[in-house]
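> Next up is a structure, given as structure tokens.
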Amino acid sequence: MKKHVLLCSHNGENFIKDQILSIINQEEKIDYIHIFDFASTDTTYDQIIEIKETHKNYAWNISKINHAPGPAASFFYAIKKVSPLISSTDFILLADQDDVWLKNKVSSVQQVFLKRIKSSPNNKLLIFHNVAITDEKLNIIQDTFYTGNPYSIPRDLSPDRLLLCNPIIGHTMALSGALLQLAAKKLQGENYLMHDWAISLLASRTGEIVYTGNIPLSLYRQHNANILGAARKRKFTEKFYRTYFFSKKIIAQNQEFGKLLPKIQGQIIHPKKIDVFLEKINKKYLYWLIYPTLITLAIFRGPTIQRKLLSLFILLQWIM
């Protein structure tokens with residue numbers, strides 16, 4: 001078993017050094033560090049190379065890509081590139097460019113991995129952990145991510161609720177090699193909101209998802225450049241338009257997931273009635289049923305008021 005880190009970067013000069021050094025300073029040493037820099041125009045790539053040169057006792061795999069397709073497509077690209085370099089029983093920790101790992105993160109995740117990998121279906125295992133939310137200078141704002149609003153574990157790991165929201169933060173994910181290889185073969189980035197959500201959906205049907213517990217293992221840094229924020233206050237109009245476009249993407253993502261289901265039929269070990277329905281309604285003459293399906297799901301299975309209100313925005317998409 002080898003331990004890998006997969007990090008994607010883009011113009012992260014203010015934070016990238018903190019992140020990489022927190023990976024290097026782990027109690028349990030990482031075997032391989034894979035970094036894909038997507039068209040950074042600041043000093044991000046230079047900092048990566050500088051750290052590599054001063055820590056030559058690590059196995060580095062660094063790639064510079066000349067375009068920046070966004071976080072989801074970047075990680076899908078990186079996963080495909082790394083997939084041939086790993087074995088099915090390795091584990092791969094995903095990393096963002098702006099967070100900080102606590103020193104016991106890798107050792108804590110590895111303990112869980114070793115306990116669960118042999119019993120996981122076909123070695124397809126996804127492990128994730130809690131985080132402390134901080135400001136830009138790493139001052140703690142909130143000592144847990146899972147407060148119940150909007151996310152709670154294990155409530156929001158329900159396969160039907162995963163169609164509406166993803167409680168698993170990408171940089172907390174550790175994937176078995178077998179799960180990463182399946183993701184590399186089957187997941188396409190065009191219609192998924194984020195790579196971590198797509199991986200969560202895949203793991204919930206083909207393998208096992210394990211939460212390490214409530215103790216935070218990393219610092220989730222919040223700053224103005226965050227694509228998604230955990231503790232950001234927004235104006236009503238901004239919330240409205242974000243939710244409107246989010247609902248549009250939710251519809252497209254569930255249609256994409258419905259198309260994926262027949263392609264992984266032999267891999268599915270947790271068949272769900274809702275999945276059978278999603279698969280059927282992706283036939284051309286039934287495509288419109290995606291709207292009432294998601295509206296009903298949001299109303300009756302939305303874990304919070306915000307998720308239940310998502311039904312109104314999906315209805316708005318339907319009638320427009």
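The values are calculated or read from the model by the stated rules, or taken from the named source; none is laboratory data. Treat the numbers as computed from the prediction; the structure is a model and nothing was measured. Here the Cβ is made from the backbone with ideal geometry for all residues, glycine too, and neighbour counts use every protein chain on show. Each accessible area value is taken on the protein alone, full model and side chains, heavy atoms only, with ligands, DNA and RNA left out. Shrake-Rupley method; radii C 1.70, N 1.55, O 1.52, S 1.80 Å.
> Given the structure, is ILE215 modelled with pLDDT of 95 or more and either open to solvent by 80 Å² or more (accessible area, probe 1.4 Å) or among the small types (Gly, Ala, Ser) (or both)?
So ILE215 passes the test.
> Within region 104-111, does at least one residue satisfy the condition of being open to solvent by 40 Å² or more (accessible area, probe 1.4 Å) and over 28 Å from TYR192 (Cα atoms)? Quick ask: steps written out before the conclusion?
Pass one, region 104-111, residues open to solvent by 40 Å² or more (accessible area, probe 1.4 Å): 104, 111.
If we keep only those that are over 28 Å from TYR192 (Cα atoms) too, we end up with 104, 111.
Yes, because at least one residue in region 104-111 is open to solvent by 40 Å² or more (accessible area, probe 1.4 Å) and over 28 Å from TYR192 (Cα atoms).
> Related question: Of all residues in region 294-311, how many are open to solvent by less than 20 Å² (accessible area, probe 1.4 Å), of a type in the set (Ser, Thr, Tyr) and part of a helix (DSSP H, G or I)? Talk me through it step by step, then tell me what you get.
Our first condition is that a residue be open to solvent by less than 20 Å² (accessible area, probe 1.4 Å); within region 294-311, this holds for 294, 297-298, 302, 304, 310-311.
Cutting the leftovers down to of a type in the set (Ser, Thr, Tyr) gives us 304, 311.
This time we only want the ones that are part of a helix (DSSP H, G or I), so: 311.
Qualifying residue count, region 294-311: 1.
> Sticking with this structure for a sec: Given the criterion in contact with a strand residue (DSSP E or B) (Cβ under 6 Å, 6 or more places away or on another chain) and under 16 Å from GLY258 (Cα atoms), identify the matching residue among ALA203, ALA198.
Values: ALA198 fails: in contact with a strand residue (DSSP E or B) (Cβ under 6 Å, 6 or more places away or on another chain).
Unique residue meeting the criteria: ALA203.
> Shifting gears a bit: In region 118-136, how many residues are open to solvent by 10 Å² or more (accessible area, probe 1.4 Å), closer than 21 Å to SER204 by Cα and out of contact with any Ser or Thr (no Cβ under 6 Å at 6 or more places or on another chain)?
4
> Please count how many residues of region 257-293 are open to solvent by less than 40 Å² (accessible area, probe 1.4 Å) and touching a Pro at 6+ places or on another chain (Cβ under 6 Å).
Adding up the residues that qualify gives 0.
> Also, I was wondering about something else. Looking only at region 56-69, decide whether some residue is of a type outside the set (D, E, K, R) and within 17 Å of the chain's Cα centre (by Cα). Walk me through it before giving the result.
So in region 56-69, the residues of a type outside the set (D, E, K, R) come out as 57-63, 65-69.
Going one step further and asking which of them are within 17 Å of the chain's Cα centre (by Cα), we end up with 69.
Yes, the conditions are met somewhere in region 56-69.
> Could you name every one of the strands (runs of 3 or more DSSP E) located completely within region 1-83 that has at least 1 residues being buried (at least 18 other Cβ atoms within 10 Å of the Cβ) and touching a residue at least 60 places away in the same chain (Cβ under 8 Å)?
Values: elements: 3-9, 32-38, 59-65.
Here the list reads 3-9.
> Which residues, taken from region 140-190, are acidic (Asp, Glu) and not in a loop (DSSP other than H, G, I, E, B)?
ASP156
> Filtering region 190-209 down to residues that are open to solvent by less than 10 Å² (accessible area, probe 1.4 Å) and among the aliphatic types (A, V, I, L, M), which residue is nearest to GLN265 (Cα to Cα)?
Among residues in region 190-209 that are open to solvent by less than 10 Å² (accessible area, probe 1.4 Å) and among the aliphatic types (A, V, I, L, M), the one nearest to GLN265 (Cα to Cα) is LEU202.
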